[in-house]
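The values are calculated or read from the model by the stated rules, or taken from the named source; none is laboratory data. Because the structure is a prediction, the values reported are computed rather than measured. Using ideal geometry, Cβ is built from the backbone for each residue, glycine included, and neighbour counts are taken over all protein chains shown. Calculation scope for accessible area: heavy atoms of the full protein, side chains included, ligands and nucleic acids excluded. Shrake-Rupley method; radii C 1.70, N 1.55, O 1.52, S 1.80 Å.
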Amino acid sequence: MVENRPLADLVSHAILILGVAIVAFPVYLALVASSSDPTTIANGQLGLLPEGHLFENYWKVLFEGTERSTKQPMIVPLFNSLVMALIISTGKIAISLISAFAIIYFRFPFRHTAFWVIFITLMLPVEVRIYPTYKIVADLGLLNTYAGLTIPLIASATATLLFRQFFMTVPDELLEASKIDGAGPWMFFKDTLLPLSMTSIAAMFVIQFIYGWNQYLWPLLITTSDDMQTIVIGIQKMLYVTDALTEWQLAMATTILAMLPPVVVVVLMQKLFVKGLTETEK
Amino acid sequence: MAEVALSAVGKIYAGSVPAVKDITFAVPDGGFCVLVGPSGCGKSTLLRMIAGLETITMGEVSIGNRVVNRVEPMDRDIAMVFQNYALYPHMSVYDNMAYGLRNRKTPEPEIAARVAEAARILELEPYLKRRPRELSGGQRQRVAMGRAIVRKPQVFLFDEPLSNLDAKLRGAMRVEIKKLQRQLGVTAIYVTHDQLEAMTLADMLVVMNQGVVEQIGDPLTLYERPATTFVAQFIGAPPMNMIELSPGAAPPPGLDGVQSLPVPPAGALLGIRPEHLAVSADGEPPITDRPGDVDLDLTIDAVEAVGAETYLHGRLGGVGQSFTAREHGKMLLPPGTTRRFIARREHLHLFDAATGRRIEARS
């Protein structure tokens, strides 16, 4: 819209700034808290400006751990979360690409049944099937492993649906041209379909990385040993300590650290992400 | 270089009516065959069967004396140009042309040489590094052609390659395709619904309608001696005028000279091409009527002047069937005037009304 109405501009900017403030202020406060010392927070004297203990707190939380609660350096759960989010997002994309490829480009018996079965799993997230899934993972001896942490979360109908929709818009002539150019199904997938799906893959990666990173319930069940813990659980453990004061400055430092990887992923992939969800180029 | 032969080829899609029925013809080595017909006549299906993109339900297709019914498209030694070009959008022009060769394990220097050669022929040299979306429609079309010629196939298949281009470019590309095919000497099969493209490109024209072949021949034979009413009306623009004649009954008012035509008992259709309806311009002596000629009195109701020629639309005897006449130069008759048009006996086409087949003229 090309309009020149100063009042409307003013109001819309005010609303936008308010929105940003509501989202950003708590994050800022967490940053301020992570730079202060324990007594300031305990006495309720936390100001609006950062204090001088920033590096000290982050160093401590990353490599030494809290004094009273978990006593565990947070670098380990950060690493675990990163591994989990990466396995879940790449695993989901790989499986979904292949299954969407099969559903669209191959004629096999029960093709439609296969598609509907995948579709129905949309209604069965981990939370719904948590007991049977836990039982299976436990019986397979996968507790406290990356496999147990990620495999049950990998199977995904959403990504399959997205790629199926995308593949359906790829013109048939491209497949036919590939056939005449001597490319088999695998080469068509690798040389033509994958490069064309790059933007959709990036969009899916961003969504699934954040999904994987934010997992709480499943890691809580599946991991018992400290060295397999994920960062979300690490934060939770820091907050609820018995017989001691919560070390808020360290908890807030961990929170800030936990927010960074998803932010980095979004920032790096922003262009592709928006492209993948909006435009299609064929 | 190879001959393409079809024998009794048919296609039935699962559980539906036949799309293509019992088609037999052979395109000689180096020939340019055009399949032409209205949409839905089965011409594209036939081409796709030759390419191997559709299975052949009946009959045999052979390329260079080898039956290819069960041969994969890549092993048939063909190249195809698609209507929407089907270029790989993520590859450069060079890679688009090189892709098929790479899949065939052609050595890279050989690929470079062949692509350079094709780019030179098609004047694509400045664009080799670009992506298809950075090219105009005509350039994309040439890349699609380039992808076909670098392969040095035995047969070119064209599936309405020019229908996405504007009229001017289409004319230019038509000439280029014809020149290129002559120069390379490769057998070509070309599908189009545009009769002008068909007439100008073909050595051999196959007119199809509803899955069957109506007539096969060189373009001028089809123009001069159409075997059926369908061919008569499909080839030529504006289409041939047709009027029904019943045996014994008096001809419609305004139509003279048809009594001596051999009308069969079931009736006949008399066809006269618009360009064969002659009328004398103002101030010129009237055209002499020779024995066997047909005279039509047409009352003009519309005139279309396109410069080099004029299309006159008029009704027979003022109220009867509408006819179109095509005259050279300017012939701006005011609407409402009635003129006598003459069609020479050698330009008359007579068809059986029951079968639509041509009735050969008396000697």
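Give the residue, chosen from A:Thr133, A:Thr199, A:Thr150, A:Thr160, that is within 14 Å of chain B (Cβ to nearest Cβ), part of a helix (DSSP H, G or I) and crowded, with 17+ Cβ neighbours inside 10 Å.
Testing whether each residue is within 14 Å of chain B (Cβ to nearest Cβ), part of a helix (DSSP H, G or I) and crowded, with 17+ Cβ neighbours inside 10 Å leaves just A:Thr199.
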*asked:* I'd like to check something: does the range B:283-298 contain any residue that is at pLDDT 90 or above, under 30 Å from B:Met49 (Cβ atoms) and either of a type in the set (Lys, Arg) or open to solvent by less than 30 Å² (accessible area, probe 1.4 Å) (or both)?
replied: no
*asked:* So, B:Ala19, is that one more than 14 Å from chain A (Cβ to nearest Cβ) and modelled with pLDDT under 90 or not?
replied: yes
_Scope the range B:52-62; condition surrounded by fewer than 22 Cβ atoms within 10 Å (Cβ to Cβ) and more than 8 Å from every other protein chain (Cβ to nearest Cβ); matching residues_ = B:Glu54, B:Thr55, B:Ile56, B:Thr57, B:Met58, B:Gly59, B:Glu60, B:Ser62
*All positions within the range B:72-95 that are open to solvent by 10 Å² or more (accessible area, probe 1.4 Å) and either among the small types (Gly, Ala, Ser) or more than 7 Å from chain A (Cβ to nearest Cβ) (or both)*: B:Glu72, B:Asp75, B:Asp77, B:Gln83, B:Tyr85, B:Leu87, B:Met91, B:Ser92, B:Tyr94, B:Asp95
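Looking only at the range B:104-139, which residues are open to solvent by 20 Å² or more (accessible area, probe 1.4 Å) and more than 26 Å from B:Arg174 (Cβ to Cβ)? Spell out how you get there, then give the answer.
The first filter runs over the range B:104-139 and keeps only residues open to solvent by 20 Å² or more (accessible area, probe 1.4 Å), leaving B:104-110, B:112-114, B:116-117, B:120-121, B:123, B:125-131, B:133-134, B:136-137, B:139.
Answer for the range B:104-139, where residues must be open to solvent by 20 Å² or more (accessible area, probe 1.4 Å) and more than 26 Å from B:Arg174 (Cβ to Cβ): B:Arg104, B:Lys105, B:Thr106, B:Pro107, B:Glu108, B:Pro109, B:Glu110, B:Ala112, B:Ala113, B:Lys129, B:Arg131.
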*Within the bounds of the range A:178-191, is there any residue that is without any contact (Cβ under 8 Å) to a residue 40 or more places away in the chain, open to solvent by 50 Å² or more (accessible area, probe 1.4 Å), basic (Lys, Arg) and part of a helix (DSSP H, G or I)?*
yes
*The listed residue being open to solvent by 20 Å² or more (accessible area, probe 1.4 Å), of a type outside the set (Asp, Glu), away from chain B (no Cβ under 14 Å) and more than 24 Å from the chain's Cα centre (by Cα), out of A:Val117, A:Val128*: A:Val117
*asked:* I'd like to check something: does the range A:204-223 contain any residue that is assigned to a helix (DSSP H, G or I), free of Cβ contacts under 8 Å to residues at least 24 places away in the same chain and farther than 28 Å from B:Arg133 by Cβ?
replied: yes
*Return yes or no: is A:Thr169 open to solvent by 20 Å² or more (accessible area, probe 1.4 Å) and either in contact with a strand residue (DSSP E or B) (Cβ under 7 Å, 6 or more places away or on another chain) or of a type outside the set (A, V, I, L, M) (or both)?*
yes
_Tell me whether the range B:41-51 contains one or more residues that are more than 19 Å from the chain's Cα centre (by Cα) and surrounded by 14 or more Cβ atoms within 10 Å (Cβ to Cβ)._
yes
*From B:Arg142, B:Arg151, B:Arg174, B:Arg182, residue being of a type outside the set (Phe, Trp, Tyr) and open to solvent by 50 Å² or more (accessible area, probe 1.4 Å)*: B:Arg182
